[in-house]
Amino acid sequence: MKSDSEALTVFAPDLFAGKTALVTGGGRGIGKRIALAFARLGARVVIAGRHAETLTSAGREIAGVGARCLALPVNIREIEQVERLLSEAQREFGAIDFLVNNAGGQYPARPQEITDGGWRAVVDLNLNGTWNMCSRFGPSMAANGYGSIVNIVHIYALERGAPPFAHSGAARAGVVNLTRTLGLHYARKNVRVNAVAPGFVDTSGLREHEFTPLQREDFESQALRDVPAGRFADPDEVAAITLFLCSPAAAYVTGTTIVADGALSLGNWTPWMEPEP
């Protein structure tokens, strides 16, 4: 499978030869494109996610570009499963050099519509799940004296708040803060920790889980008009930033968050819904 985007053509072939990358949420969407990008540049790849069928399909695509791939069903909210993931990934490939915490999710809702269970589920996945991965994989990277962790968040984690996603915005804001803290603590161990905050990314998940629940036929076209760049991001553009942060070019970059939103956060934000129902 050849990438349709030019974003990944800037990297040297075999840039990550001999390295191993683990991507959570790697069965579809942005996570799969990140995993494929690593594979095309010579890395061995571990993909983890909750759905075995999507992982199997993605694993075949990754193998199709000539890379070794281990696909493991994992719920990152469960510490025992994360520890098993670490054990099996290390048994298969040895050291894990790059960890991409892409798994996460949210649904649009007004704050008063979010149930206690919904709040806890989203925070547990996005914040606690990321912590579970960092707390298990980070120490092994530090012991090896090498590694890069990239946390995928979104622009709703930053200063302007998260009007459609109070639960996810709060959780991922925690991930941004965690990124800074871990960046400081691991810097002396040659392990970097950074985050990427995309805006709208052109994936089926964006439409299925965020736009469709709004039941507004005009929302996607309105959202597109509000992006100053005039388009949604290609998933490969998010993958390219992630690979940059894992590359030698970013060896002095840690504890930061790179925003990639086509200037959306600098202009008008699409009103997902009125404050009151």
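Figures for the structure shown
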| read-out | value |
| --- | --- |
| Test result for Val100, touching a Lys or Arg at 6+ places or on another chain (Cβ under 8 Å), within 26 Å of Leu182 (Cβ to Cβ) and either among the acidic types (Asp, Glu) or at pLDDT 95 or above (or both) | no |
| Matching residues in segment 147-181 - criterion: being over 20 Å from Trp269 (Cβ atoms) and among the small types (Gly, Ala, Ser) | Gly147, Ser148, Gly174 |
| Of all residues in segment 249-272 being assigned to a helix (DSSP H, G or I) and among the hydrophobic types (A, V, I, L, M, F, W, C), the one that is nearest to Arg231 (Cα to Cα) | Leu264 |
| Residue list for segment 33-44, filter: open to solvent by less than 10 Å² (accessible area, probe 1.4 Å) and either among the aromatic types (Phe, Trp, Tyr) or under 15 Å from the mean Cα position of the chain (by Cα) (or both) | Ile34, Ala35, Leu36, Ala37, Phe38 |
| Verdict on Arg136 being basic (Lys, Arg) and in contact with a helix residue (DSSP H, G or I) (Cβ under 6 Å, 6 or more places away or on another chain) | yes |
| Residue match in segment 108-124 (condition: in contact (Cβ under 8 Å) with a residue 12 or more places away in the chain and within 28 Å of Ala43 (Cβ to Cβ)) | no |
| First in segment 15-27 and within 14 Å of Gly42 (Cα to Cα) and open to solvent by 10 Å² or more (accessible area, probe 1.4 Å), second anywhere and among the acidic types (Asp, Glu) and modelled with pLDDT of 95 or more, Cβ under 7 Å, 6 or more apart | Lys19/Asp97 |
| Inter-residue pairs, beta-carbon under 7 Å, first under 12 Å from Phe11 (Cβ atoms) and in segment 30-41, second open to solvent by 10 Å² or more (accessible area, probe 1.4 Å) and outside any helix (DSSP H, G or I), 6+ apart | Ala37/Leu8; Arg40/Val65; Leu41/Phe11; Leu41/Pro13; Leu41/Asp14; Leu41/Leu15 |
| Residue match in segment 222-243 (condition: buried (at least 20 other Cβ atoms within 10 Å of the Cβ), more than 17 Å from Leu8 (Cβ to Cβ), touching a helix residue (DSSP H, G or I) at 6+ places or on another chain (Cβ under 6 Å) and touching a residue at least 40 places away in the same chain (Cβ under 8 Å)) | no |
| Helices (runs of 4 or more DSSP H) wholly inside segment 56-156 that include at least 1 residues being under 27 Å from Ala39 (Cβ atoms), open to solvent by 50 Å² or more (accessible area, probe 1.4 Å) and among the acidic types (Asp, Glu) | 79-93 |
| Test: residue in segment 181-203 that is modelled with pLDDT under 95, within 18 Å of the chain's Cα centre (by Cα) and in a helix (DSSP H, G or I) | no |
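The values are calculated or read from the model by the stated rules, or taken from the named source; none is laboratory data. Given the structure is predicted, the values throughout are model-derived calculations rather than measurements. Ideal geometry is used to build each Cβ from the backbone, glycine not excepted, and the neighbour counts take in all protein chains shown. Each accessible area value is taken on the protein alone, full model and side chains, heavy atoms only, with ligands, DNA and RNA left out. Shrake-Rupley method; radii C 1.70, N 1.55, O 1.52, S 1.80 Å.
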